[in-house]
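Accompanying notes for the structure given below.
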Amino acid sequence: MSAILPPAERLWYKHPIDRVEGTWIAIALTWCLIMFFMMVGWHIWGQQNLSTETYRTTPDKFMPKVQAMVDKYTVRTETDEKTPVVAPPAGSDVYMLARLWSFYPILELEKGKTYKLHLTAMDYNHGFSLQPANINIQIVPGFEHVVTVTPNQSGTYSVVCNEYCGIGHHKMVGRIYIK
Amino acid sequence: MSTATTYRTCPRSGLQFERQAEWLIKANAFIAVVWLLIGGLLAIGVVLTRWPAVRWLEADTFYMVLTAHGIDMLIFWIIFFEVAVLYFCASTLLRCRIATPKIAWLAFALMLIGSVVNNISVFRGASSVMMTSYVPMMAEPNFYLGLILFAVGALVACFVFFGTLVVAKREKTYTGSVPLVTFGAITAAIIAVFTIASGAIILIPTWLMSLGVVKSVDPLVYRTIWWAFGHSSQQINVAAHISVWYLVAAIAFGAKPMSERVSRTAFLLYILFLQLASAHHLLADPGLSTGWKVVNTSYFMYFAVLASMLHGLTIPGAMEVAQRQKGYTKGLFEWLRKAPWGNPTFSGVFISIIGFGFLGGISGVMMGTEQLNMIIHNTIYVPGHFHATVVVGTTLTFMALTYYLIPVLFKREMILPGLAKWQPYLFGFSMYFFCLVMMGAGTLGVSRRHWDMAFNGHALAYEWPGAAYLMMALVGIGGVVAIAGGAIYILITVGSLLFGRKLDEGATSPKFTPIPRTAPTGAAQTYGSMGFAAPGTFALAMVFLLAFVLYYFINWKYLSTLWGLS
């Protein structure tokens, strides 16, 4: 009997299990269950869980909210494009949109404070890749994803687009300052 | 029902090939290798552009080449070869004529036309949308049409495979259950039907959208269903290459499965749970509930991971048992030391098993853990993972199988046997290295599908740590060596078909010879030590488990240092 011939025993599911295999099944199954409950447990005890709060949106609905925040809380502008740097108060709703090929606006947040970050894409799929922290979230057009963030270190963070979005994809990078 | 065909018994292997099936297997395998050649040439462009110090291609060319590389390798090379494997597992292993050969040729033609139409569209330059082609970014209509034609062809090929199983049963070419390898191939084919149907469901409306008939396709619905095609097609690979592992264990060692029950149940778990894995790609997405993510991404409590861990033990375990029966019983590992390391069919498969488990398997579970996915999603860790599964796992296994098929199926003596002996080591180990440094760069956050990690000339440019640049340079070096290893494979296989000495084709007969009934196995096995039939394999499995557990918790530790997210 071999793997390329029909099994000798008519009922293959009655074939005895070897001790090596039996032991390994027990160990492997235990490990699988540990991994499963680790994922569930982190939702209860862990601090890093991706929010599922999502709303359908359109560029026309989302843009005014971004603009209202920019008008109210802009502290300065940066780069030749005069990208506004916005410093909304702790605990508030902050907005960031992704479009070909930039993130808008630049945010300035406080360390240890919690914000509700609203993300959406105006055109194609984009990626929110926060560096050097290395937090990666997909941004899908038509959906407003509300992620609650609590920065735990001050410094300059970059937001790199890591979802391919056309010929200017590699020029798409934004910024978040943490004070 | 009688059909005019002949059956050839190969004098080197004892396998019996039906004439129609033999030509179909040859044609599908040959076209597969042509796609591997094209994909390999494209890989040069990808690797030399992502190597930061070289940056060979211009941005638009790079994105075009990357799109073609992904599609040609992940879809065309692998699925053409898998169709050959399916026909082999049905017709050859069951010594049966192939069902509806004309329709099988039609399937072949559809797949060939579809793949060419798609590639023409990509190389015209207006379809650089990557393999995933997320809407609303649009490619030319022919990009989707080509994929749809290919998918329909592959689907027809799956049904020819199922039909052949029915013919074998009806004409009684074998008795009892199908062999384990055929059982694995059935698993692959069932998964393939699900996969290809998902592809059609989402690509047809997208094609109509590109023609202007349909107004829009929801981006999130597209991602969800596309991945039921995109990831599941990799699950066809898993089932197919694991079947080939069992096949090679049987060929190289005369190994028999340790337990038919365990191996077949593991395949059954694949059918039930492996498909859920497409959720891995949606863990960082908005709009999907936590419960949906947790249940799906864990393949319902990791039952498919369990299945893979079982195959990972039973295949080397079966080899160990067979070797111990031959008298290699000293210590834990004499069986492994005395294995035929100079036979590329064996060495290729063994390098594939180890790399698939340690690199591909473990990294896959990390990415598929809901929270850990946030430190990996869309970084270059992802291609690091799937090159370990698809290249080290599937491609290297198929390469190893080809070395066996050249004399048996193509009736040619292999040219350059000395070089062939080294090819699996060169290709396999350089791919190990390539995958490892890619995952290293991904852990530092480097993006996948990105032309210029330096953001040259951008006011807000992010400066990656020096280690990230070093890793990407090593990716370049590893990639170039791996491409050289792939080129040697193409040289040997194509060279053997053209210039290899012709071998005796063996006796042909107008009727099949049924597979003789196997004698039942005797008493329980008495070799091994500590009451274990395969103690060496068990020790290796424990090393694997240790690596798995350590790396798993290291990643959680890393995650716990990040910003609070809720």
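Remarks
- Number of residues in the stretch B:412-429 that are of a type in the set (D, E) and either within 14 Å of chain A (Cβ to nearest Cβ) or under 18 Å from the mean Cα position of the chain (by Cα) (or both): the value is 0.
- One residue alone among B:Y462, B:Y432 is at the interface with chain A (Cβ under 8 Å from one of its Cβ atoms) and modelled with pLDDT of 95 or more, and that residue is B:Y462.
- Residues of the stretch A:166-178 that are touching a residue at least 40 places away in the same chain (Cβ under 8 Å), part of a loop (DSSP other than H, G, I, E, B) and over 20 Å from B:M374 (Cβ atoms): A:G166, A:G168.
- Residue match in the stretch B:339-346 (condition: within 25 Å of the chain's Cα centre (by Cα) and facing chain A (nearest Cβ under 9 Å)): no
- Restricting the search to helices (runs of 4 or more DSSP H) fully inside the stretch B:1-114 and requiring at least 3 residues that are in contact (Cβ under 8 Å) with a residue 12 or more places away in the chain and either more than 30 Å from A:L5 (Cα to Cα) or among the acidic types (D, E) (or both) gives B:19-50, B:59-71.
- Top-ranked residue of the stretch A:120-146 - restricted to ones that are part of a strand (DSSP E or B), more than 7 Å from chain B (Cβ to nearest Cβ) and not polar (S, T, N, Q), ranked as surrounded by the fewest Cβ atoms within 10 Å (Cβ to Cβ): A:V146
- When B:T369 is tested against (1) assigned to a helix (DSSP H, G or I); (2) touching a Phe, Trp or Tyr at 6+ places or on another chain (Cβ under 9 Å), exactly one condition is not met: (1).
Yes/no matrix, rows are residues, columns are (1) under 25 Å from B:A240 (Cβ atoms); (2) buried (at least 24 other Cβ atoms within 10 Å of the Cβ); (3) assigned by TED's automatic domain parsing to the domain that holds B:W77:
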{"site": "B:M374", "(1), (2), (3)": "no, no, no"}
{"site": "B:H385", "(1), (2), (3)": "yes, yes, no"}
{"site": "B:L409", "(1), (2), (3)": "yes, no, no"}
{"site": "B:M414", "(1), (2), (3)": "yes, no, no"}
{"site": "B:P424", "(1), (2), (3)": "yes, yes, no"}
{"site": "B:F427", "(1), (2), (3)": "yes, yes, no"}
{"site": "B:T443", "(1), (2), (3)": "no, no, no"}
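- Any chance A:V149 is touching a residue at least 24 places away in the same chain (Cβ under 8 Å), within 9 Å of another protein chain (Cβ to nearest Cβ), over 30 Å from B:S128 (Cβ atoms) and not in a loop (DSSP other than H, G, I, E, B): yes
- Residue, farthest from the other protein chains (Cβ to nearest Cβ), within the stretch A:152-165, restricted to residues that are in a strand (DSSP E or B) and surrounded by fewer than 21 Cβ atoms within 10 Å (Cβ to Cβ): A:G155
- Filtered by the rule that a residue be among the aliphatic types (A, V, I, L, M) and either out of contact with any Lys or Arg (no Cβ under 9 Å at 6 or more places or on another chain) or within 23 Å of A:E110 (Cβ to Cβ) (or both), the stretch A:124-171 gives A:L130, A:A133, A:I135, A:I137, A:I139, A:V146, A:V147, A:V149, A:V159, A:V160, A:I167.
Each row is one residue, and each column tells you yes or no for (1) at pLDDT 95 or above; (2) surrounded by 21 or more Cβ atoms within 10 Å (Cβ to Cβ).
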| residue | (1), (2) |
| --- | --- |
| B:Q275 | no, yes |
| B:L288 | no, no |
| B:V295 | no, no |
| B:Y299 | no, yes |
| B:R324 | no, yes |
| B:I353 | yes, yes |
| B:G357 | yes, yes |
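- Filter pass, B:A519 being surrounded by 11 or more Cβ atoms within 10 Å (Cβ to Cβ), modelled with pLDDT under 95 and at the interface with chain A (Cβ under 7 Å from one of its Cβ atoms): no
The values are calculated or read from the model by the stated rules, or taken from the named source; none is laboratory data. None of the values given here were measured: they were computed from a predicted structure. Ideal geometry is used to build each Cβ from the backbone, glycine not excepted, and the neighbour counts take in all protein chains shown.
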